[in-house]
1. Check region 440-450 and report whether any residue there is of a type in the set (A, V, I, L, M, F, W, C) and out of contact with any Ser or Thr (no Cβ under 8 Å at 6 or more places or on another chain).
2. Looking at 86, 120, which one is surrounded by fewer than 23 Cβ atoms within 10 Å (Cβ to Cβ), at negative phi and either of a type outside the set (Gly, Ala, Ser) or touching a strand residue (DSSP E or B) at 6+ places or on another chain (Cβ under 6 Å) (or both)?
3. Being more than 7 Å from ligand 1 (Cβ to nearest atom), open to solvent by 30 Å² or more (accessible area, probe 1.4 Å) and free of Cβ contacts under 8 Å to residues at least 24 places away in the same chain, is that true of even one residue in region 2-15?
4. Taking only region 229-251 into account, find how many residues are within 13 Å of residue 285 (Cα to Cα) and touching a strand residue (DSSP E or B) at 6+ places or on another chain (Cβ under 6 Å).
5. Consider residue 500 carefully, then state whether it is farther than 19 Å from residue 421 by Cβ, touching a residue at least 24 places away in the same chain (Cβ under 8 Å), out of contact with any helix residue (DSSP H, G or I) (no Cβ under 7 Å at 6 or more places or on another chain) and part of a loop (DSSP other than H, G, I, E, B).
6. Please work out which one of (1) in a loop (DSSP other than H, G, I, E, B); (2) open to solvent by 10 Å² or more (accessible area, probe 1.4 Å); (3) more than 15 Å from ligand 1 (Cβ to nearest atom) is the condition residue 93 fails and give its number.
7. Need at least 1 residues that are touching a Cys at 6+ places or on another chain (Cβ under 8 Å) per element, so show me which strands (runs of 3 or more DSSP E) inside region 199-306 make the cut, counting only ones lying wholly within it.
8. Answer with yes or no whether residue 23 is over 19 Å from the mean Cα position of the chain (by Cα), near ligand 1 (Cβ under 9 Å from one of its atoms) and touching a residue at least 24 places away in the same chain (Cβ under 8 Å).
Amino acid sequence: MTLRTSLRNIAIIAHVDHGKTTLVDKMLRQTGSFTAHEELTDRVMDSGDLEREKGITILAKNTAVKWHDLTINIIDTPGHADFGGEVERGLAMVDAVILLVDAAEGPLPQTRFVLRKTLEKRLPVVLVINKVDRPDARIKEVVDEVENLFLDLDADEHQISFPILYASARQGWASLDVNDTSGDLTPLFQTIADYVPAPEYEEGHGLQALVCNLDASPYLGRLALCRVINGTLERGQRVAWCRIDGTIEHAKITELFITEALERIPAQSAGPGDIVAVAGFEDITIGETLADPDNPIALEPLHVDEPSLSMTIGINTSPLAGTEGKLLTARMVKDRLDRELVGNVALRVLNTERPDAWEVQGRGELQLAVLIETMRREGFELTVGKPQVVTRTVDGKIHEPVEHVTIDVPEEFVGNVTTLLATRKGTMTDMVNHGTGWVRLEWRIPARGLVGIRTEFMTETRGGGIMHSNFDGYAPWFGDIRLRQNGVLVADRRGDTTGNALLDLEQRGTLFVGPGVEVYEGMIVGENARSDEMNVNPTREKKLTNMRASGSDNTERIAPPTIFSLEQALEFIADDEAVEVTPQSVRLRKAVLDVAARHRLHKKK
Ligand SMILES: Nc1nc2c(ncn2[C@@H]2O[C@H](COP(=O)(O)OP(=O)(O)OP(=O)(O)O)[C@@H](O)[C@H]2O)c(=O)[nH]1
Ligand SMILES: [Mg+2]
């Protein structure tokens with residue numbers, strides 16, 4: 001094997017918010033990779049609109065910096081569990097990882113997931129204990145916890161002898177000595193140079209490049225992001241294109257780009273270890289190989305974990321359909337979903353018995369919510385059903401996905417949290433008292449039991465608890481779980497809400513609409529304080545008694561309505577309900593809108 005000594009390829013992996021993107025930012029800055037304009041933005045790698053709004057990374061992205069004679073390709077990966085598929089693809093492009101662990105939080109569920117994937121691929125690890133500037137940092141303990149995690153995941157001896165750096169990504173320094181906080185990121189770059197293996201290749205071997213990710217350009221169409229394993233890729237070259245289904249086509253590389261800092265720069269050729277973007281392959285997908293036309297040998301396709309959550313996405317079928325969006329037809333929705341599939345191997349789209357709705361399967365609520373949010377911003381109107389777990393039949397028995405949950409709470413809330421999770425069929429597997437007033441609990445719970453739990457968890461811990469979950473395999477069906485205790489208030493006709501009507505309804509529960517809002521029959525306008533469902537008229541003009549018939553419509557006396565975000569709405573709805581999503585609105589509705597039809601359905605049950 002020969003080495004490409006001038007190159008290093010690394011991925012930065014961690015639990016959500018442990019500081020990956022901040023670290024990449026500082027690596028770019030300290031290598032002078034920024035233009036003046038980029039200097040001004042924090043965390044430039046989080047370039048998507050939704051990424052900036054939510055403050056999280058959604059798509060893995062690559063960048064490259066020059067440090068002395070080295071080119072270092074860096075893949076910034078998302079830390080949220082729902083985007084684990086992105087991490088798995090990122091790992092296919094690199095020769096080592098930087099594992100970041102928050103010095104106060106320690107390893108959390110996604111740390112475990114990404115480390116497991118790394119160890120399976122036998123990639124070396126550089127451990128960076130980040131945020132050591134935090135006043136609540138517990139550096140030594142966290143290092144121990146990470147070492148235990150390696151042992152727990154059956155790392156071999158070679159894997160467990162990793163270098164450790166202590167860092168504050170935010171302040172822009174890393175150090176091999178826990179007491180030396182004076183420098184910059186030089187020790188990190190030096191460790192990468194010394195410890196991360198240079199890409200290996202076989203001299204004289206024909207071309208092999210693995211497609212690990214996709215992107216699109218308005219001018220060039222689809223771009224395939226590949227890691228070259230052997231041989232060279234050249235602009236204008238004809239290559240064999242080994243497809244996922246085993247067939248081989250031939251096509252020309254019309255454009256070839258390498259990455260420098262945040263830019264894609266046109267290049268003539270690329271060699272082993274390079275991470276490049278190529279155009280010229282109209283429907284190329286992830287896991288395919290570009291190979292030597294005379295001797296095409298496909299590389300092992302990428303494997304990613306199966307989806308565990310699904311929801312139906314269909315056209316908007318409410319009476320208000322077409323009033324706010326411009327992309328409305330079944331054909332448009334289906335085309336859009338198909339396009340999403342190409343770039344997202346962790347997603348699946350299945351037909352349903354309806355011609356205008358599809359079952360979309362993914363890794364979690366946030367992943368699916370991000371897809372829906374992206375679509376509504378493009379102008380789509382949609383009806384989205386309750387998230388459901390994807391079950392499997394094993395030996396004739398139904399199995400469902402189980403999650404591993406880690407919870408940090410102040411001691412006094414342990415009782416509340418235990419009750420909450422136990423009623424949702426969770427089992428506690430571990431409890432550690434840090435002696436700081438905080439307790440860490442580990443639970444195993446069916447994924448179903450976590451749907452909509454976040455709001456209740458916040459209430460039970462008065463906003464002081466932290467909860468993270470992560471897929472932990474399949475187990476036999478846990479039986480019924482009652483998720484929502486309360487029923488809903490449902491509008492029984494179409495019209496505009498009035499202050500008088502709402503003032504009355506307030507007595508019944510919590511309202512989701514204010515006055516002067518257009519509603520329709522079957523739309524959910526509030527949560528009932530009781531457990532049953534109630535049809536109400538929120539559009540009534542006058543109070544029936546003459547008590548408050550003063551002419552004013554009492555608008556100012558009504559409490560402000562509870563307005564759900566898309567994710568909250570998806571968490572809230574029950575199985576026979578849906579969310580109507582348009583570019584401007586998120587409305588909750590019954591799946592069956594007609595009062596009489598719904599009544600007949602209830603009777604049948
Ligand atoms: N105190 C402190 N805060 C930090 C440090 N590094 C990052 N942060 C903060 O941690 C938060 C999350 O940082 P990000 O860089 O977005 O984390 P991430 O790992 O990229 O998050 P995801 O991509 O969503 O998984 C931000 O508010 C950062 O300012 C650090 O060294 N010290
Ligand atoms: Mg990030």
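1. First, the residues of region 440-450 that are of a type in the set (A, V, I, L, M, F, W, C): 441, 443, 445, 447, 450.
With out of contact with any Ser or Thr (no Cβ under 8 Å at 6 or more places or on another chain) added as a condition, the list becomes none.
No: region 440-450 contains no residue that is of a type in the set (A, V, I, L, M, F, W, C) and out of contact with any Ser or Thr (no Cβ under 8 Å at 6 or more places or on another chain).
2. Result of the check over 86, 120: 120.
3. no
4. 2
5. no
6. Every listed condition holds for residue 93 apart from (2).
7. Here the list reads 208-217, 221-230, 248-252, 275-279, 289-291.
8. Yes; evaluated as a whole, the condition is true for this residue.
The values are calculated or read from the model by the stated rules, or taken from the named source; none is laboratory data. None of these values were measured; they are calculated from a predicted model. Here Cβ is always computed from backbone atoms with ideal geometry, including for glycine, and neighbour counts include all displayed protein chains. Side chains included, ligands, DNA and RNA excluded: accessible areas come from the protein's heavy atoms. Shrake-Rupley method; radii C 1.70, N 1.55, O 1.52, S 1.80 Å.
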